[in-house]
Amino acid sequence: MSDSPLLALPGAVPGDAPDGGVAAHYGAISAEQRRLTRGGTFVDLSHRDVVTISGPDRLTWLHSLTTQFLEGLAPGIHTEVLLLTPQGRIEHAFSGVDDGETFWAHTEPGAGAALVEFLDRMRFMMRVEVALVSDDWAVIGLPELVWRIVPRASLVDLPAELGDPVGMWAWEALRIEAGLVRVGLDTDDRTIPNEAGLLGLAVHLDKGCYRGQETVARVHTLGRPPRRLVRLLLDGSVDHLPPHGSDVMLDGVRVGFVGTAARHHELGPIALAMIKRNVDVAATLEADGVAASQEVLVDPEAGLHVRPVLS
C-alpha cells in the first residue's frame, strides 16, 4: 500500500509507525483537535487495512465465530468485533459495517492479512468469500470518532467535499480521551476483553457460544480481571510523552505498561495504560519517568457486582 495522496497537502507531517503513510498533523496540532470536535473536517486513516466478507452466510458465520451478535445485523450499523483464542485472549479485532451484501471491516495497519488467513481457515462449507481490499478502499475518520470506508482513488477529492483534513494526532487524542483501545497497541498478547473495557462494546454478553467465551463469562460473573485499563493524566511540565511499551511504575515496582499517548488540547498529555488490578486507584504512578494520576476505565471490582444476580 502506497502513502496517502493527502500527504502532499501543505503542512503535512508524516506519522511514525504504525501510523506511517498518513499525516500525523498539518502544522496546527491543538487547532486540529478543536476542528475535529466541531466538525467540517476528516482524518486520513487510509493506512488501516480493509477486509470484505461477502456471501449469503456471512453474518451467520461471523456470528458463530466472534464475540459480537451479528446474526441479522441491519445494514449501516457500525459494530466492533473480536476473535479470541481458546483461552479468551484477544487474537484479532476489527470494526465493521454491513451494506446488505458485504460486511466491510477495517483493522490495524498490517493486521489485515493475518485476519483474512484466519477467516479463510474457518470457512469450511459456508457460502462466504474473504478478501483484503486495502489497495482499492480506504478508511477515513469523521467527528465523534465515526468512520467511513471510501474508494482509495477518491481520497484526493475529499477535502473539497468534507473540508481540509486534520492529522492522526487529533484522532488519537480524542480516542484516548474516550478510553477506546487500539488492539495490539493498548493491549498485549495476554489481554482478555474484560481488562480492556470491551465488554458491551465489542463483546455481546447475551449471545451464544464462541471461542474463548468461557474465560470472558467466568471473569465477568465470578472473578476480577487480572489487569485493568486506565487513562493516565501525565505531568504536563515534562517535554516528552512516554513511548509505547514503557513501564508503569509504583514505588519502584513495575505494575503495567503504557499503550498509546497523545497531547490533548484541553487535558494536556494523556495515555492509556494496562496495569495490575489491585493497584490503588488513588495512587500516583510513573510512566517513563513522568508522574501520572490515573482515571479508572475498567472497574477493579468488576465481577463482584453481578454475583447477587446469580444467587
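If we count every other residue with Cβ under 11 angstrom of Leu198's Cβ, Lys/Arg +1 and Asp/Glu -1, where does the sum land?
Around Leu198, the surrounding residues sum to -3.
Ignoring ligands, DNA and RNA, what percent of the 1.4 Å accessible area of segment 226-297 is carbon and sulfur?
Carbon plus sulfur share of accessible area: 48 percent.
Only residues of segment 212-231 count here: report those whose backbone N is under 16 Å from the spot 7 Å along Cα→Cβ of Asn278, or say none.
Backbone N within reach: 223-228.
Where does the chain land at 222 nm, in deg cm²/dmol rounded to the nearest 500, when only DSSP H runs of n ≥ 4 count, each adding -39500 (n - 2.57), divided by all residues?
That calculation yields -5000 deg cm²/dmol at 222 nm.
Using only Cα atoms, locate the centre of segment 71-145 and the centre of segment 149-214, then give the distance between them in Å, rounded to an integer.
One Cα centre to the other: 12 Å.
Tell me whether the chain comes out rounded, prolate or oblate; compute the Cα gyration tensor, take square roots of the eigenvalues as a ≥ b ≥ c, and use a/c under 1.5 as the rounded threshold.
Verdict is oblate for the chain.
Within 10 Å of each candidate Cβ there may be at most 14 other Cβ atoms; applying that plus a DSSP loop requirement, which chymotrypsin sites (Phe, Trp or Tyr not before Pro) in segment 120-222 survive?
On the way: sites: Phe124, Trp137, Trp147, Trp169, Trp171, Tyr210; in loops: Phe124, Tyr210.
Within segment 120-222, the qualifying chymotrypsin sites (Phe, Trp or Tyr not before Pro) (loop, at most 14 other Cβ atoms within 10 Å) are Phe124.
Classify segment 48-200 as rounded, prolate or oblate, taking a ≥ b ≥ c as the square roots of the eigenvalues of its Cα gyration tensor: rounded when a/c is under 1.5, otherwise prolate if a/b is larger than b/c and oblate if not. Each step should come with its number before you reach the end.
Values: a/c = 1.82, a/b = 1.20, b/c = 1.52.
Oblate, because a/c is 1.5 or more while a/b does not exceed b/c.
Would you mind getting the accessible area per residue of segment 226-297, heavy atoms of the protein chains only, 1.4 Å probe, in Å²?
Per-residue value: 44 Å².
Calculate, in nm to one decimal, what Asp57 and Glu301 gain on full extension: separation in residues at 0.36 nm each, minus their alpha carbon distance.
83.9 nm
Relative contact order for the chain: what is it in percent, counting Cα pairs under 8 Å that are at least 6 residues apart?
Values: 688 pairs, mean separation 58.2, N = 311.
So the answer I get is 19 percent.
Within the set of other residues whose C-beta is less than 12 Å from the C-beta of Thr85, count the net charge using Lys and Arg as +1 and Asp and Glu as -1.
0
When a/c is below 1.5 the answer is rounded, else prolate if a/b is larger than b/c, else oblate, so apply that to segment 226-297 with a ≥ b ≥ c taken from the square roots of the Cα gyration tensor eigenvalues.
Cα axes put segment 226-297 in the prolate bin.
Could you pull out the longest piece of the chain with no exposed loop trypsin sites (Lys or Arg not before Pro) in it, calling a site exposed if DSSP puts it outside H, G, I, E, B and it has at most 13 other Cβ atoms within 10 Å?
Counting at most 13 other Cβ atoms within 10 Å as exposed, the longest clean stretch of the chain is 1-126.
Hey, if you put +1 on the Cβ of every Lys and Arg and -1 on every Asp and Glu Cβ in segment 104-146, which of Ala138, Ala113, Met126 ends up farthest toward the positive end of that dipole?
So the residue furthest toward the plus end is Met126.
When only DSSP loop residues count, what GluC sites (Glu not before Pro) in segment 32-91 have their Cβ near at most 14 other Cβ atoms within 10 Å?
Listed in order of number, the matching sites are Glu71.
Please give the contour-minus-distance gain from Asp206 to Thr102: 0.36 nm per residue of separation, less the Cα-Cα distance, rounded to one decimal in nm.
That pair, Asp206 and Thr102, stretches by 35.0 nm at full extension.
Net charge near Leu73, counting Lys/Arg +1 and Asp/Glu -1 over other residues with Cβ under 14 Å of its Cβ?
Net local charge, Leu73 excluded: -4.
I need the calculated FRET efficiency for the pair Ala28 and Val238, taking r as the beta carbon distance and R₀ as 22 Å, to the nearest 0.05.
It comes out at approximately 0.45.
Applying 1/(1 + (r/R0)^6) with R0 = 22 Å to the Cβ-Cβ distance of Arg218 and Arg190, what FRET efficiency is obtained, to the nearest 0.05?
Here the calculated transfer efficiency is 0.85.
Rounded to the nearest 5, what % of the DSSP beta bridges within the chain are antiparallel ones?
Here the antiparallel bridges make up roughly 95 percent for the chain.
The values are calculated or read from the model by the stated rules, or taken from the named source; none is laboratory data. Values in this document were obtained by computation on a predicted structure and should not be read as measured data. When we count neighbours, we look across all protein chains shown, and the Cβ atoms used for this are built from the backbone with ideal geometry, even at glycine. Surface areas here come from the heavy atoms of the whole protein model, side chains and all, with no ligands, DNA or RNA. Shrake-Rupley method; radii C 1.70, N 1.55, O 1.52, S 1.80 Å.
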